[in-house]
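Chemist: After the structure tokens below, expect a handful of questions from me.
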Amino acid sequence: MKLYNLKDHNEQVSFAQAVKQGLGKQQGLFFPLELPEFESTDIDAMLEMDFVTRSSKILSAFIGDEIPADHLNERVKAAFAFPAPVKNVTDDIACLELFHGPTLAFKDFGGRFMAQMLSYVSGSNEQITILTATSGDTGAAVAHAFYGMENVRVVILYPQGKISPLQEKLFCTLGGNIETIAIDGDFDACQALVKQAFDDEELKKTIGLNSANSINISRLLAQICYYFEAVAQLPQEKRNQLVISVPSGNFGDLTAGLLAKSLGLPVKRFIAATNANDTVPRFLQNGQWIPNTTVATLSNAMDVSQPNNWPRVEELFRRKTWQLKELGFGAVSDETTRETMREVAELGYISEPHAAIAYRLLRDQLQDGEFGLFLGTAHPAKFKESVDEILGQSLPLPEALAARAELPLLSANLPADFAQLRGFLLKGH
């Protein structure tokens, strides 16, 4: 598999190199040189396969012969060891539940697959430092996926006080090879620090720097697989008029969905659903890219004003000669999010703020004869405080959360200052 840097098309790397490197020169994202496509008869046959077999076939189409099929299948089986069920909410809307993994969020798919790929492509004596920023769920998924792995040090930055207490407990209580830093700033400040670290060639070389954000191509490819899994669970008549609404922060999930469509998955259209951090909806409306200052919302994992994956979305539309105006979009306020969570609860389904935003825009934009699917990206209990308060009930904690709820936090605290982060990274080396 060859990938090219979106900021410098002359920089081309193998899949293994892209997984290890994370970002290209000038912080450019890697993007597949070839965009594989399946025939519709292949798609029909694939939708009959089990999740792991089908996912291996999808990933092979991108990775090619860099990883032998049997080895890839083993790694996929280890990574995707939990289901992604579709649950009906109304007659014409269902939720793809992506929170049945160990950290109860969709990031488990990408995080675990990336860990499998990195251990496969790295030499056993190669020291790696995974540096990543999280607005909530990435941190836990990455931490648990790499926890206890030899020669891998994980350093996770997150905005202090801006993720839910239970999200924080999930990954800031592990210790061992997992180091967490609460940064005095928002997610964009954390992201900026990560990018500065990747621009520092000496630091990169000294500590073997890698990123596990959705900018890493292995995470992105993993996410394509559950879109196919969703469609496989739908009856034939619902597959032909499918609209998928994606809660969007860094836009990795939407990118993966669009890549699934590019492969031939029958999706009529996508909706990019955001909260008040609405850089993309405003851009799609007026053609101007003007990020505002990030604001804190109920749907904190989507509190991103400068989504990293957007250049990949634009590149895919350009390569496929699709029209951006065909992409649905919308932004939902906290007040409407609360109202929607209560509405969905009355339908007999408990949701959390991120999925509620995707549901709301889907409900508002779905046309007669269409079937809608929205992504449930995290278990409602990860946002227990807000869900309990909004719905006036007490959610029971799943075992994965209950086991960590009382453990002490092990995080360091730092200002949003690169010199101090650099010192921290070198000190631990």
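Chemist: Can you find a residue that is open to solvent by 10 Å² or more (accessible area, probe 1.4 Å) and either among the hydroxyl-bearing types (Ser, Thr, Tyr) or in a helix (DSSP H, G or I) (or both) anywhere in region 214-221?
Modeler: Yes, region 214-221 has at least one match.
Rundown of residues vs (1) β-branched (Val, Ile, Thr); (2) touching a Ser or Thr at 6+ places or on another chain (Cβ under 8 Å); (3) at pLDDT below 90, yes/no style:
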residue	(1), (2), (3)
Ser135	no, no, yes
Thr138	yes, yes, yes
Arg153	no, yes, no
Tyr158	no, yes, no
Gly185	no, no, no
Asn210	no, yes, yes
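Chemist: Output the number of the condition that Gln288 fails; it satisfies all remaining conditions of (1) under 17 Å from the mean Cα position of the chain (by Cα); (2) of a type in the set (S, T, N, Q); (3) part of a loop (DSSP other than H, G, I, E, B); (4) at pLDDT 95 or above.
Modeler: It is condition (1) that Gln288 fails.
Chemist: Further question on the same structure: Can you tell which of Asp303, Asp278 is modelled with pLDDT of 95 or more and either under 18 Å from the mean Cα position of the chain (by Cα) or of a type outside the set (A, V, I, L, M) (or both)?
Modeler: Every option except Asp278 fails the conditions.
Chemist: If Leu316 satisfies all but one of (1) modelled with pLDDT of 95 or more; (2) of a type in the set (A, V, I, L, M); (3) over 23 Å from Ala260 (Cβ atoms), what's the number of the condition it fails?
Modeler: Just one mismatch for Leu316, condition (3).
Chemist: Would you check which residues across region 96-110 are touching a Phe, Trp or Tyr at 6+ places or on another chain (Cβ under 8 Å) and either touching a residue at least 40 places away in the same chain (Cβ under 8 Å) or surrounded by fewer than 21 Cβ atoms within 10 Å (Cβ to Cβ) (or both) and list them?
Modeler: Leu96, Leu98, Phe99, His100, Gly101, Pro102, Thr103, Ala105, Phe106, Phe109
Chemist: Given the residues Lys169, Lys204, Lys195, which is the only one that is of a type outside the set (S, T, N, Q), without any contact (Cβ under 8 Å) to a residue 24 or more places away in the chain and assigned to a helix (DSSP H, G or I)?
Modeler: Lys204
Chemist: Residues in region 50-70 that are in contact with a helix residue (DSSP H, G or I) (Cβ under 7 Å, 6 or more places away or on another chain) and open to solvent by 50 Å² or more (accessible area, probe 1.4 Å): how many?
Modeler: Selection size over region 50-70: 3.
Chemist: Residues being polar (S, T, N, Q) and not in a helix (DSSP H, G or I): count how many of those fall in region 223-264.
Modeler: Of the residues in region 223-264, 6 are polar (S, T, N, Q) and not in a helix (DSSP H, G or I).
Chemist: For the condition under 25 Å from the mean Cα position of the chain (by Cα) and hydrophobic (A, V, I, L, M, F, W, C), what is the one hit in Leu375, Leu426, Leu407?
Modeler: Result of the check over Leu375, Leu426, Leu407: Leu375.
Chemist: Would you confirm whether any residue within region 81-95 is under 23 Å from Ile215 (Cα atoms), surrounded by 17 or more Cβ atoms within 10 Å (Cβ to Cβ) and out of contact with any Asp or Glu (no Cβ under 8 Å at 6 or more places or on another chain)?
Modeler: No, there is no match, as no residue in region 81-95 is under 23 Å from Ile215 (Cα atoms), surrounded by 17 or more Cβ atoms within 10 Å (Cβ to Cβ) and out of contact with any Asp or Glu (no Cβ under 8 Å at 6 or more places or on another chain).
Chemist: Among the numbered conditions (1) modelled with pLDDT of 95 or more; (2) among the aromatic types (Phe, Trp, Tyr); (3) farther than 30 Å from Leu166 by Cβ; (4) out of contact with any Leu (no Cβ under 6 Å at 6 or more places or on another chain), tell me where Phe38 comes up short.
Modeler: Answer for Phe38: the failing condition is (4).
Chemist: Moving to a separate point now. For region 172-192, give me each residue that is touching a residue at least 60 places away in the same chain (Cβ under 8 Å), of a type in the set (S, T, N, Q) and assigned to a loop (DSSP other than H, G, I, E, B).
Modeler: Thr173
Chemist: If only one of Ala416, Ala381, Ala403 is under 15 Å from Leu298 (Cα atoms) and surrounded by fewer than 23 Cβ atoms within 10 Å (Cβ to Cβ), which one is it?
Modeler: The conditions single out Ala381.
Chemist: Examine region 30-38 for a residue that is hydrophobic (A, V, I, L, M, F, W, C) and buried (at least 19 other Cβ atoms within 10 Å of the Cβ), and state whether such a residue exists.
Modeler: Yes; the residues of region 30-38 include at least one that is hydrophobic (A, V, I, L, M, F, W, C) and buried (at least 19 other Cβ atoms within 10 Å of the Cβ).
Chemist: I would also like to ask the following. Given the conditions (1) within 22 Å of the chain's Cα centre (by Cα); (2) more than 23 Å from His354 (Cβ to Cβ), which single one is not true for Trp310?
Modeler: (2)
Chemist: Ok, one more. Just one of (1) farther than 17 Å from Arg219 by Cβ; (2) open to solvent by 20 Å² or more (accessible area, probe 1.4 Å); (3) in contact (Cβ under 8 Å) with a residue 24 or more places away in the chain trips up Arg75, so point out which.
Modeler: That leaves (1) as the condition not met.
Chemist: Give me the pairs: first residue in region 248-269 and at pLDDT 95 or above, second residue of a type in the set (S, T, N, Q) and surrounded by fewer than 20 Cβ atoms within 10 Å (Cβ to Cβ), beta-carbon distance under 7 Å, and six or more apart or on different chains, which are they?
Modeler: Between residues of region 248-269 that are at pLDDT 95 or above and residues that are of a type in the set (S, T, N, Q) and surrounded by fewer than 20 Cβ atoms within 10 Å (Cβ to Cβ), the close pairs are Gly264/Ser40; Pro266/Asn240; Lys268/Gln241.
Chemist: Restricting to region 132-155, what's the tally of residues that are buried (at least 24 other Cβ atoms within 10 Å of the Cβ) and part of a strand (DSSP E or B)?
Modeler: 3
Chemist: For the condition under 18 Å from Asn216 (Cα atoms) and buried (at least 24 other Cβ atoms within 10 Å of the Cβ), what is the one hit in Cys172, Cys190?
Modeler: Selected residue: Cys190, the only one of Cys172, Cys190 that is under 18 Å from Asn216 (Cα atoms) and buried (at least 24 other Cβ atoms within 10 Å of the Cβ).
The values are calculated or read from the model by the stated rules, or taken from the named source; none is laboratory data. Here the structure is a predicted model, which is why all the values come from computation and not from measurement. Using ideal geometry, Cβ is built from the backbone for each residue, glycine included, and neighbour counts are taken over all protein chains shown. Please note that ligands, DNA and RNA were not included when accessible areas were found on the heavy atoms of the full protein model with its side chains. Shrake-Rupley method; radii C 1.70, N 1.55, O 1.52, S 1.80 Å.
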